[in-house]
Amino acid sequence: MVAAEHTVTIRRSPADVYAFLADGLNNARWRRSVRSVSHTSGDPGTVGAVYAQRLAGPGAREIDGDYEITEARPGEVLRFRVVAGPARPQGVFLLVPADDGATTVSFGLTFEPTGVMKLMGGLIHKTMQSEVNELDSLKAVLEGAPAG
């Protein structure tokens, strides 16, 4: 099992952070790897909603990274699973109220490599850690500051 997690505190309410994350069309605003995203099925931001993504891949190629929302508890939890692409991790955003109306957000990814992917565990972990670290960009976007 390969796993990565990152946590930040954002000066926005859990409801605001959740609404932004649940709308998959916002992904390109805070995740550098997202080249394009569209909503393809289900009610947006709810369990069963599917978003098609094109992601930056190796060698300047784009790869699929479509995902489906698997749990949606507004202001608390948003879970998803990747349903298209070379790797199919599962992810979760956990939101906890913090002081002064802020929200502590944890983003975790897990992936069980099989076959030849087992040989690439280090690279997969590095890529997943980079992805969860994008929470720093989410914080900057939601707080209206430049990402840094």
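The values are calculated or read from the model by the stated rules, or taken from the named source; none is laboratory data. Values in this document were obtained by computation on a predicted structure and should not be read as measured data. With ideal geometry, Cβ positions are generated from the backbone for all residues, glycine too; neighbour counts draw on all protein chains shown. When the accessible area is computed, the model is the full protein with side chains, heavy atoms only, and any ligands, DNA or RNA have been set aside. Shrake-Rupley method; radii C 1.70, N 1.55, O 1.52, S 1.80 Å.
Structure values in brief
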{"quantity": "Count of residues meeting criterion [surrounded by 14 or more Cβ atoms within 10 Å (Cβ to Cβ) and touching a Lys or Arg at 6+ places or on another chain (Cβ under 7 Å)] in the range 70-80", "calculated": "1"}
{"quantity": "Top-ranked residue of the range 35-73 - restricted to ones that are hydrophobic (A, V, I, L, M, F, W, C) and in a strand (DSSP E or B), ranked as farthest from Arg88 (Cα to Cα)", "calculated": "Ala72"}
{"quantity": "Every residue from the range 53-63 that is in contact with a Lys or Arg (Cβ under 7 Å, 6 or more places away or on another chain) and surrounded by fewer than 16 Cβ atoms within 10 Å (Cβ to Cβ)", "calculated": "Ala56, Glu62"}
{"quantity": "Checking Arg32 against (1) over 24 Å from Leu142 (Cβ atoms); (2) assigned to a loop (DSSP other than H, G, I, E, B); (3) open to solvent by 60 Å² or more (accessible area, probe 1.4 Å), the condition it does not meet", "calculated": "(1)"}
{"quantity": "Some residue of the range 110-119 being in a strand (DSSP E or B) and at pLDDT 90 or above", "calculated": "yes"}
{"quantity": "Conditions (1) in contact with a Leu (Cβ under 9 Å, 6 or more places away or on another chain); (2) more than 17 Å from Ser130 (Cβ to Cβ); (3) part of a strand (DSSP E or B); number of the one not met by Phe93", "calculated": "(2)"}
